[in-house]
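A.B. asks: Structure in structure tokens, see below.
Since every read-out is calculated from the coordinates, none of them should be taken as a lab result. Predicted model only: the values in this text are computed from it and were never measured. Cβ coordinates were reconstructed from backbone atoms using ideal geometry, including for glycine residues, and neighbour counts include every protein chain displayed.
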Amino acid sequence: MEALMDLGGGFSTALTPNNLMMCFLGVFLGQLVGVLPGIGPSAAIALLLPLTFGSDPTASLIMFAGIYYGAQYGGTITSVLISVPGESSTVMTSIDGYQMAIKGRAGAALGIAAIGSFIAGTISTLGLTLLAPPLAQAALAFGPPEYFALVVLGLVALAAVSGRSVLKGVAAGVAGLLLATIGIDPQSGVSRFDFGMVWLLDGIEFIVLTVALFGVGEVLASCTAASARPVAEVKNVLPTREDWRRSRMPILRGSFVGFLIGVLPGTGATIASFIAYIMEKKLSRHPEEFGKGAIEGVAGPESSNNAAAAGALVPMLALGVPGSGTTAIILGALIMFGLRPGPELFTQNATLVWAVIASMYIGNLLLLIMNLPLAGVFARLLKVPYKWLYPPILAICLVGVFSQANSLEDCWLVVGFGAIGWAMKRFDWPAAPMVLGLVLGPMFESSLRQSLTMSHGTAFIFINRPIAAALMLAAVLFIAIPVIAGLLASRPRPVSAGEAP
Amino acid sequence: MKHRFLTGDMGFAIGWALLGLYWMVGSFDYPLWSGFAPDSGFLPLVYGTLLFLLSVAVAASLWFGEAEAEEEREPLTKSLLVLAALVVVVASLGFIGFLLPVFGLMMFIYLYIERLPLLRSAVVAGLVTASLALVFVHWLSIPLPLVTWDF
């Protein structure tokens, strides 16, 4: 009940003209970056960070959240019309969505995706409204050991699922932590790894690394494939009665599954959409239609990835642990605005948190309105070749990074880390854990020091306290399960009798 | 087939390992422990060691792992040209401000790398440069050095 009252307060903040405009801008930009090739929500938020300096954190975060969940809608359009997922979370949609488009039913696929996304987004935002506050309340009892364990869990969870290799993910997270040690140690005042350069005393800014990895690095990786593709026509976006009958249960199942998976740290929308697709195929009376244009194959994963996007905000807002790469950047933005992510956010910045949550209800409605009549208009954007887009993106990266500290050295850093980001993309090293490592590095160090001071130097404090122990165990499982699964999968299978050797 | 040691993946993993090694060695310049808690050098030592070990493990998995079918990777030339253009632009920012290098960067990519029509390229590059100046200098009041005499 209290949550609903707080939500009411959130609506009164979110419905002010400025915040409403930022919400519209966020979902519009999210939809746009979801549609446009070579730029995702992470890059879009990274590019917009310098523009939000000194502005109202609530309005900025409403916009960032809008970009995040709006991109899920936009990614669907590319998946259905050209079979190129705009986001990794819409990969499953492209299987049946594109087949529907080939059969001349692109409009129905986009329509059901938009309606399913709206329903799922609303259900999961309701879940966020009800689940996040008690979780944050419970987490208020956290001390330094629990915070330390939480940071470990967040890093490990994101690292373990970000790329194809757990090793590379964890290494990238450690590299981020390592970069966080550059500059003055806030505890002792000693300057570390500054290479004798005064401008490194403040360390490496989160914005610089984010813009470099997700802006410049992404451009360098994608500019080689900058050609346009043929786009299917969009007609009749309103689904038929039969479409709706076949889609309503997949939408509901996708909403709940997506939300639950999104809540788990590190999993996010991509895994949610995979699971929803597999589940729908298993439950379907016509599994043979999957892969050939089954509308359930669009409705389930689309609902699931949108539900997961809101679900991933639960651990981020309540615990300060991001559920995905993009929420890791939003977490960095929170810190950039001088806020402390974690359970205290709900008590110390309640107006901001509830306004962001309320804006998600509004944003989902805006997206539904935008997507049903305007799907064809957004589809036309697909005809803009990437070669016209990426030079302005590079220009924005340079100017944006310079503007945050008026520093030319930051421009050099952005080029250097951009080259590293390109290599990471090329060699399949995930970039999100690196950014998260840099963001969480100071909290990691201070909570470790405080914990060990409390325990007189013994590390058993992380095992003796039940919450910290549970979080550490979860972190160990996140690493161990994929490694064990990989080892089991690589073991040669015994040859059974009758089977050819 | 290219020797496994000479691949970009391997070189990248070794690069990270060397960075970890540098941090490990460098951490001994700082005190490691003070009282009950770690001091300035402790976590850099831990991070450096971890990065070194993990990167070596990645390199080892590339070396000893089953030879996978080589993935089709995009050619390097265009990305390297864009990167080189960025280096030139950043090097010139300190001397001639932002307007000319940013406009020049876009024109170079449109005309030389992408072979796009001159007039359309000039219009897009001009509009983007003007918009950036408008947004950052006039709306956000950021002291962006647009030309030489702004420094």
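A.B. asks: By counting other Cβ atoms within 10 Å of each Cβ, how are B:Val88, A:Val414, B:Val56, A:Val263 ranked from fewest to most?
C.D. replies: Working: B:Val88 14, A:Val414 30, B:Val56 17, A:Val263 24.
So the residues, fewest neighbours to most, are B:Val88, B:Val56, A:Val263, A:Val414.
A.B. asks: Hey, another quick one. For the protein assembly as shown, what does -39500 (n - 2.57) per DSSP helix run (n ≥ 4), summed and divided by total residues, give at 222 nm, in deg cm²/dmol to the nearest 500? Intermediate values should be presented prior to the final figure.
C.D. replies: On the way: 27 runs with 445 residues, N = 652.
The per-residue figure over the protein assembly as shown is -23000 deg cm²/dmol.
A.B. asks: Tell me, what is the percent relative contact order of the stretch B:4-64, built from C-alpha pairs under 8 Å that lie six or more residues apart? Please list the in-between numbers first.
C.D. replies: On the way: 75 pairs, mean separation 26.4, N = 61.
Averaging sequence separation for qualifying contacts and normalising by length gives 43 percent for the stretch B:4-64.
A.B. asks: Provide the per-residue ³J(HN,Hα) series for the stretch A:453-470, in order, calculated from phi with Karplus coefficients 6.51, -1.76, 1.60 and θ = phi - 60°, each as a whole number of Hz, with x at glycine and proline positions.
C.D. replies: Going residue by residue, I get 5, 4, 9, 6, x, 9, 7, 5, 4, 7, 10, 6, 8, x, 5, 4, 5, 5 Hz, with x marking Gly and Pro.
A.B. asks: Each label point is 7 Å from the Cα along the Cα-to-Cβ direction; what then is the distance between the points at A:Asp56 and B:Leu76, in nm?
C.D. replies: 5.0
A.B. asks: Related question: Give me the net charge for the shell around A:Ile119: Cβ to Cβ below 13 angstrom, other residues only, Lys and Arg +1, Asp and Glu -1.
C.D. replies: On the way: positive: A:Arg248, A:Arg253; negative: A:Glu302.
In short, +1.
A.B. asks: Which shape class applies to the stretch A:296-436: rounded if a/c is under 1.5, otherwise prolate when a/b exceeds b/c and oblate if not, where a ≥ b ≥ c are the square roots of the Cα gyration tensor eigenvalues?
C.D. replies: On the way: a/c = 1.69, a/b = 1.10, b/c = 1.54.
Judged from the Cα gyration tensor, the stretch A:296-436 comes out oblate (a/c at least 1.5, b/c at or above a/b).
A.B. asks: Quick check for chain A: number of Lys pairs with alpha-carbon distance under 13 Å, counting only pairs 8 or more apart or on different chains?
C.D. replies: Working: A:Lys103/A:Lys235; A:Lys103/A:Lys292; A:Lys168/A:Lys425; A:Lys281/A:Lys292.
For chain A, the number of qualifying lysine pairs is 4.
A.B. asks: Hey, can you grab everything whose amide H is under 5 Å from the amide H of B:Ser34? Only 5+ residues off in sequence or another chain; H modelled, so Pro and N-termini drop out.
C.D. replies: B:Asp39
A.B. asks: Sort out for me the Cα centre separation of the stretch A:194-226 from the stretch A:36-80, rounded to whole Å.
C.D. replies: 19
A.B. asks: Now, a different point. Give the separation of the Cα centroids, the stretch B:74-119 to the stretch A:424-487, in Å.
C.D. replies: A separation of 41 Å, based on Cα centres.
A.B. asks: Then there's this: Can you give me the orientation-averaged projected area of the convex hull built on the Cα atoms of the protein assembly as shown, in nm²? Spell out each step's value before the answer.
C.D. replies: Working: hull surface 126.4 nm².
Average of the hull's projected areas for the protein assembly as shown equals 31.6 nm².
A.B. asks: Taking other Cβ within 10 Å of each residue's Cβ, how do B:Glu114, A:Glu218, A:Glu233 sort, fewest first? Kindly include the intermediate steps, with their values, before the conclusion.
C.D. replies: Values: B:Glu114 18, A:Glu218 25, A:Glu233 11.
Going from sparsest to densest Cβ surroundings: A:Glu233, B:Glu114, A:Glu218.
A.B. asks: Mind checking the dipole of chain A: about its Cα centre, +1 per Lys or Arg Cβ, -1 per Asp or Glu Cβ, Debye to the nearest 20? Before the final figure, lay out each step's value.
C.D. replies: Numbers: 26 positive and 25 negative charges, 286 e Å.
That gives chain A a dipole magnitude of about 1380 debye.
A.B. asks: Could you please rank A:Glu344, A:Glu445, placing first whichever residue has the fewest other Cβ atoms within 10 Å of its Cβ? Display every interim value, and only then the final one.
C.D. replies: Working: A:Glu344 15, A:Glu445 24.
By the 10 Å Cβ count, ascending, the order reads A:Glu344, A:Glu445.
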